[in-house]
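Following: one structure in structure tokens, then a few remarks.
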Amino acid sequence: MANVVEVLIHASEKAASIARSCTTSGSETLLVTEKSETEANKRFDKDYKTIADVLAQETAKALITAHFPQLVDHVRGEECTEINGVKISLQNNVKKTAELLSAILPQAIALNMAEAAHKDVSQNLPQLPSNLPVIDPAEVGIWIDPIDGTAEFIAGIQGEAKPGHGLPCVTVLIGAYLRSSGKPILGVINQPFYDKGKGRIIWGLNYADKCKWSHESNVSTNKVILMSSAEKPEIVEKFKSLGWEVKSVPGAGHKLLKVATGEASAYIVSQGTTFLWDTCAPHAILLAKGGNVLNYSDYTPLTYNNQKDLNAYEYCNKDGIIAYDNNSVLEEIKTILNSL
């Protein structure tokens, strides 16, 4: 049987391949559509998705369920599969996928995207340790955010990104959780446009009393905390007054990635603007390196085994989040927040 870790990493690189295919000449006409009211993030006046988001999600799902058919009802993603009346799915071959996409895209772009979806990406996958614990697929559920930072993705593809924004902020997030408890146990963050499009994959596993992750287990010693540009001013100013450097960077996945890699010590959201598909993968990685992701309101860990087929807002982390990479950081953050 295939290893769950290997399959989720492979699925993330399939999604990344589709995202990268959109940077080829002519793809500036990338189809963008506004999400319906039940799909949209209420933080934004308008929330968008692209055909690349949906195809990346469905391609990742197809690969996972091909290896583990028992997961067919337990792989969930951010995106509704219908765009402009066409239900997007991965077909049996490049020609059939291109024919489906060409109903809503120019033929050349449809073919390019279909080729990316069916491309062999195995040469891009990292070497994994030989002693990883075996995860029983029957125990897990999967959350996929196929292209986190869609606004940055669109701006980057169209050449309209601001400095420090755009394609480098885009991530593919795939996380696995235990269906029994909702605890995240495996996370993959794929950064398709890292290092001028070479990309990188970061993964973490905490399962069966073993913690493994793809990078050195460095714990951040800096006093950098990430917050949204829409965060409450009193929270921002309190941390600044106590010597913290408060930064705002695009994308929930991008922020959580920076905490996982030690570029920041923590990420705070005091109100509900992140979703389970944003946090599941990074949460598992942070657990693997000694951190966690908690509800902002009561400091309890997030869980991911919510009821299926609800409106998107029901999967929002409504109470906010605190993501951190070690317990000493958490204790300092709690002391500051409790003093507000």
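The values are calculated or read from the model by the stated rules, or taken from the named source; none is laboratory data. Computed from a predicted model, the values in this text were never measured in an experiment. When we count neighbours, we look across all protein chains shown, and the Cβ atoms used for this are built from the backbone with ideal geometry, even at glycine. Keep in mind that these areas ignore ligands, DNA and RNA; they rest on the heavy atoms of the full protein, side chains included. Shrake-Rupley method; radii C 1.70, N 1.55, O 1.52, S 1.80 Å.
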### Query
Tell me, what is the 1.4 Å probe accessible area of Trp244, in Å² to the nearest 10?
10 Å²
### Query
Hey, rough spin-label estimate for Val134 and Ala108, points 7 angstrom out along Cα→Cβ, what's it come to in nanometres?
5.1 nm
### Task
With a/c under 1.5 counting as rounded, go ahead and sort segment 91-174 into rounded, prolate or oblate using the C-alpha gyration tensor (a ≥ b ≥ c being the square roots of the eigenvalues; past the cut-off, prolate if a/b is larger than b/c, else oblate).
oblate
### Query
Which percent, to the nearest 5, of DSSP beta bridges fully inside the chain are antiparallel?
80 percent
### Antiparallel DSSP beta bridges within segment 185-340, percent to nearest 5
75 percent
### Derived scalar couplings ³J(HN,Hα) [segment 62-74; Karplus, 6.51 cos²θ - 1.76 cosθ + 1.60; whole Hz; x for Gly, Pro]
4, 5, 4, 6, 5, 7, 10, x, 5, 9, 4, 9, 10
### Query
In Å², what does the accessible area per residue of segment 208-340 work out to with a 1.4 Å probe?
42 Å²
### With every protein chain in place, the chain: carbon and sulfur % of accessible area (1.4 Å)
47 percent
### Contact order relative to length of the chain, as percent, for alpha carbon pairs under 8 angstrom and 6 or more apart
17 percent
#### Entry: Lys162-Asn306 FRET efficiency (beta carbon distance; Förster radius 22 Å; 0.05 resolution)
0.05
### For peptides 11-19, 171-179, 91-99, 76-84, sequence by mean Cβ density within 10 Å, most packed first
11-19, 171-179, 76-84, 91-99
### Summary
By the Cα gyration tensor axes a ≥ b ≥ c (a/c under 1.5 gives rounded; else a/b larger than b/c gives prolate, otherwise oblate), the shape of segment 156-296 is oblate
### Query
How much net charge surrounds Leu178 when only the other residues with a Cβ under 13 Å from the Cβ of Leu178 are counted, with Lys and Arg +1 and Asp and Glu -1?
0
### Ranked packing of 155-163, 51-59, 279-287, 329-337, most packed first, by mean Cβ within 10 Å
279-287, 51-59, 329-337, 155-163
